[in-house]
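Everything below concerns the one structure shown next.
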Amino acid sequence: MKSKALAILAALALSSCAPASPEPVAVPVAEAAPATPAFEPLEIVTARGPVHFDVAVADDEAERQQGLMFRTILDEHEGMLFDFHAVQPVAFWMKNTLIPLDMIFIGGDGVVVNIAENTQPYSLDPVPSAGPVLAVLEIGGGLSAEMGIRPGDRVLHRIFPRG
């Protein structure tokens with residue numbers, strides 16, 4: 001009887017340590033990321049000449065929130081263009097982003113406003129635009145300096161007016 005009572009007390013003690021609700025289940029990266037994004041051409045006109053990228057366009061809230069999270073690699077001429085549909089100040093963070101990125105903030109006229117180079121993976125610190133922008137292009141960390149991309153360069157893509 002005494003051992004049965006101890007067993008019941010032990011079971012109650014252990015059950016009180018369990019969380020009230022189950023922990024969220026982690027979704028494997030392969031299930032969280034889209035299988036094959038559609039790419040579009042994007043060109044940046046630099047002082048050294050044009051630089052070409054194939055970009056996936058994140059043009060709705062869900063795509064902008066997912067961004068490049070959980071990606072383990074990004075090809076040299078690959079990126080993601082975040083289209084906000086309106087010119088406004090924006091800020092990004094690197095939560096769940098596994099690789100360093102360069103963030104190229106682009107005004108409504110297609111001109112680069114500022115660049116945040118080699119942003120820190122996993123950081124929750126805001127990375128803001130230096131002014132109102134229409135879009136942000138994310139590319140591999142360090143590529144903007146390597147390719148000569150600077151504020152004032154022109155970005156050519158369907159979301160920007162030709163100028």
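The values are calculated or read from the model by the stated rules, or taken from the named source; none is laboratory data. Computed from a predicted model, the values in this text were never measured in an experiment. Here the Cβ is made from the backbone with ideal geometry for all residues, glycine too, and neighbour counts use every protein chain on show.
One line per residue, one yes/no per condition, for (1) surrounded by fewer than 20 Cβ atoms within 10 Å (Cβ to Cβ); (2) farther than 21 Å from Ala38 by Cα; (3) among the hydroxyl-bearing types (Ser, Thr, Tyr); (4) out of contact with any helix residue (DSSP H, G or I) (no Cβ under 7 Å at 6 or more places or on another chain):
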{"residue": "Gln65", "(1), (2), (3), (4)": "yes, no, no, yes"}
{"residue": "His77", "(1), (2), (3), (4)": "yes, no, no, yes"}
{"residue": "Ala86", "(1), (2), (3), (4)": "yes, yes, no, yes"}
{"residue": "Leu143", "(1), (2), (3), (4)": "no, yes, no, yes"}
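Within region 46-63, being buried (at least 16 other Cβ atoms within 10 Å of the Cβ) and of a type outside the set (S, T, N, Q) holds for Val51, Phe53, Val55, Ala56, Val57, Ala58, Glu63.
Based on this model, can you work out whether Arg162 counts as surrounded by fewer than 19 Cβ atoms within 10 Å (Cβ to Cβ), modelled with pLDDT of 95 or more and either in a loop (DSSP other than H, G, I, E, B) or not small (Gly, Ala, Ser) (or both)? Explain how you work it out, then say what you get.
Numbers: surrounded by fewer than 19 Cβ atoms within 10 Å (Cβ to Cβ): yes; modelled with pLDDT of 95 or more: no; either in a loop (DSSP other than H, G, I, E, B) or not small (Gly, Ala, Ser) (or both): yes.
Considered against the rule, which asks whether it is surrounded by fewer than 19 Cβ atoms within 10 Å (Cβ to Cβ), modelled with pLDDT of 95 or more and either in a loop (DSSP other than H, G, I, E, B) or not small (Gly, Ala, Ser) (or both), Arg162 comes out as no.
Tallying residues that are closer than 21 Å to Asn96 by Cβ and in a strand (DSSP E or B) within region 115-139 yields 10.
Just to check your reading of the model, which residue among Ile115, Ile73 is exposed (fewer than 14 other Cβ atoms within 10 Å of the Cβ), of a type in the set (A, V, I, L, M, F, W, C) and either touching a helix residue (DSSP H, G or I) at 6+ places or on another chain (Cβ under 8 Å) or over 19 Å from Pro151 (Cα atoms) (or both)?
Values: Ile115 fails: exposed (fewer than 14 other Cβ atoms within 10 Å of the Cβ).
Criteria check complete, one pass: Ile73.
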